[in-house]
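To start, the structure under review is shown below, and the notes come after it.
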Amino acid sequence: MKIKITADSTCDLSGELVEKYNVGIMPLSVVLGDRVCRDGVDVTPRNIFDFVKEKGVLPKTSAPSAEEYVEFFENALKEADAVIHYNISSLASTSYENAAYAAKVFKGKVFVVDSLALSTGQGLLVLKACDLAKEGNSPRDIVEITQSLRGKVNTSFVPDALDYLHKGGRCSLASLMGAKVLKLHPMIDMKDGKLYAKKKYMGGLDRCLKNYINDLAQDYRSYDKTRCFITHSCCEPEVVEKVRTQVKETFEFDEILETVAGSVVTTHCGKNTLGVLFIYD
């Protein structure tokens, strides 16, 4: 049986990885004024930064409709016997609800999984599904295994500033001002499909990221060594390289993958946000 793995664009997989694993990507929408753009197709994080700088507000984002998912799944089934689709957390978007509704049209050929994650936390489940499909697992087994891993995905990141979180209603003005004065950088984590502030670091971004990685090593001593992601919203190359070096020295991953967050995720976290994401035991 040929299985096609697909995902919302919020999985933030690079074009190279999408091509390597033959993942089908369903773009979410980003609305820039009167322009409706497709995440990863005709809008980039740089466009987001320019829009926010000019307008002072965040772009709006929206999920594909059930009708759009039907068309997407129809095309995916042209090259496969079954499709397994991974959505951004159902608590962050209506994508899962719409995709699950659309899947009913295909009478058991399309399976839809709520990742309960976003960005490459979602992407980790997508690539795990690709690994399992390559090993010859059935669609139902792949769904069951990846669903069992949802609570074991470290989906965390450290923003350089809280401006975008404040504009999006996820951070109070008092917290924003306090963070600027005290140079605070929160560690944002995801649990049960929701984002929350887990810890706070003080100082420059380099120092905070170093402490963040050390904390990950302490919190997750046992982990899946297959791969991890360093995912960021246009951080400077030297910052990413320092993180890569520390991750390589601290952990034992077979593969350290770097990706740049897509436009939807960037809209909510802002520039220079960085996370190290992986599956733990």
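The values are calculated or read from the model by the stated rules, or taken from the named source; none is laboratory data. Just so it is clear, the model here is predicted, and its values are computed rather than measured. A quick note on method: Cβ atoms are made from the backbone with ideal geometry, for glycine too, and the neighbour counts reach across all protein chains shown. All accessible areas refer to the heavy atoms of the entire protein, side chains included, with ligands and DNA or RNA removed. Shrake-Rupley method; radii C 1.70, N 1.55, O 1.52, S 1.80 Å.
Among residues of segment 172-199 being farther than 17 Å from L216 by Cα and open to solvent by less than 20 Å² (accessible area, probe 1.4 Å), the one that is modelled with the highest pLDDT is G193.
Here K271, K242 are screened, and the one residue that is over 29 Å from S29 (Cα atoms) and out of contact with any strand residue (DSSP E or B) (no Cβ under 7 Å at 6 or more places or on another chain) is K242. Is it the case that some residue within segment 60-83 is under 27 Å from K271 (Cα atoms) and touching a Lys or Arg at 6+ places or on another chain (Cβ under 6 Å)? Looking for residues that are under 27 Å from K271 (Cα atoms) and touching a Lys or Arg at 6+ places or on another chain (Cβ under 6 Å), one finds none in segment 60-83, hence no.
Number of residues in segment 22-37 that are open to solvent by 50 Å² or more (accessible area, probe 1.4 Å), outside any strand (DSSP E or B) and modelled with pLDDT of 95 or more equals 1.
Kindly provide the set of residues from segment 102-141 that are of a type in the set (G, A, S) and surrounded by 24 or more Cβ atoms within 10 Å (Cβ to Cβ), ordered by number. Residues satisfying the conditions are S115, A117, S119, G121, G123, A129.
Within segment 1-25, restricting attention to residues that are in contact with a strand residue (DSSP E or B) (Cβ under 8 Å, 6 or more places away or on another chain) and of a type in the set (G, A, S), the residue that is nearest to E97 (Cα to Cα) is A7.
Would you call F253 within 13 Å of T120 (Cα to Cα), surrounded by 18 or more Cβ atoms within 10 Å (Cβ to Cβ) and among the aromatic types (F, W, Y)? Spelling it out, it is not the case that F253 is within 13 Å of T120 (Cα to Cα), surrounded by 18 or more Cβ atoms within 10 Å (Cβ to Cβ) and among the aromatic types (F, W, Y).
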